[in-house]
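Okay, structure first, notes after.
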């Protein structure tokens, strides 16, 4: 015999949002699955049966139910995960692009190594940025264009 679960109360707008999430063709399947779990909790089904039907643990069902109670439908989405902080910002990007407009005093063009040495960053960081922006310094040298965009 399963324990009785905590009663979950939801207004009409919340039910409508859950149904929309379940029926949406563009929503993630895991978000729709979470919405189905919460909807089953709202219908008064025991948590153990819900967990068996969705092939998950009872703790998972309880966690999604509680997140729905706290944050509504928005609580069913994944939270941002921690990770390595951004090291090179938009300011770094703008600085490098500005440097390309004026050649250094002792040369006719910039190289990745020269930019990196001037800014005190790694060659790889400058190379990744230029690749991301579509700038090829070798072609820029040959063509004499201002930004070397390809």
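The values are calculated or read from the model by the stated rules, or taken from the named source; none is laboratory data. These numbers come from a predicted model, not from an experiment. In this analysis, Cβ positions are derived from the backbone assuming ideal geometry, glycine residues included, and neighbour counts consider all displayed protein chains.
For (1) within 24 Å of residue 27 (Cα to Cα); (2) exposed (fewer than 15 other Cβ atoms within 10 Å of the Cβ); (3) in the same structural domain as residue 29 (by TED's automatic domain parsing), each residue gets a yes or a no:
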| residue | (1), (2), (3) |
| --- | --- |
| 62 | yes, no, yes |
| 70 | yes, yes, yes |
| 99 | no, no, no |
| 103 | no, yes, no |
| 117 | no, yes, no |
| 125 | no, no, no |
| 133 | no, no, no |
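Checking the stated criteria, residue 21 turns out to be closer than 12 Å to residue 73 by Cα and out of contact with any strand residue (DSSP E or B) (no Cβ under 8 Å at 6 or more places or on another chain).
Restricting attention to region 123-136, the residues that are in contact with a helix residue (DSSP H, G or I) (Cβ under 6 Å, 6 or more places away or on another chain) and in a loop (DSSP other than H, G, I, E, B) total 0.
With the structure loaded, tell me whether residue 77 is at pLDDT below 90, closer than 25 Å to residue 16 by Cα, under 23 Å from the mean Cα position of the chain (by Cα) and surrounded by fewer than 17 Cβ atoms within 10 Å (Cβ to Cβ) or whether it fails that test. Yes, satisfied. Of everything listed in (1) over 21 Å from residue 18 (Cβ atoms); (2) outside the structural domain of residue 117 (by TED's automatic domain parsing); (3) out of contact with any helix residue (DSSP H, G or I) (no Cβ under 7 Å at 6 or more places or on another chain), the single unmet condition for residue 57 is (3).
Filtering region 24-40 to residues that are within 16 Å of residue 68 (Cα to Cα) and either within 27 Å of the chain's Cα centre (by Cα) or modelled with pLDDT under 90 (or both) leaves 30, 31, 32, 33, 34, 35, 36, 37, 38, 39. Of all residue pairs spaced 6 or more apart or on separate chains, those with beta-carbon atoms under 9 Å, a first member in region 8-33 that is free of Cβ contacts under 8 Å to residues at least 40 places away in the same chain and assigned by TED's automatic domain parsing to the domain that holds residue 44 and a second member that is in a helix (DSSP H, G or I) and exposed (fewer than 12 other Cβ atoms within 10 Å of the Cβ) are 32/23.
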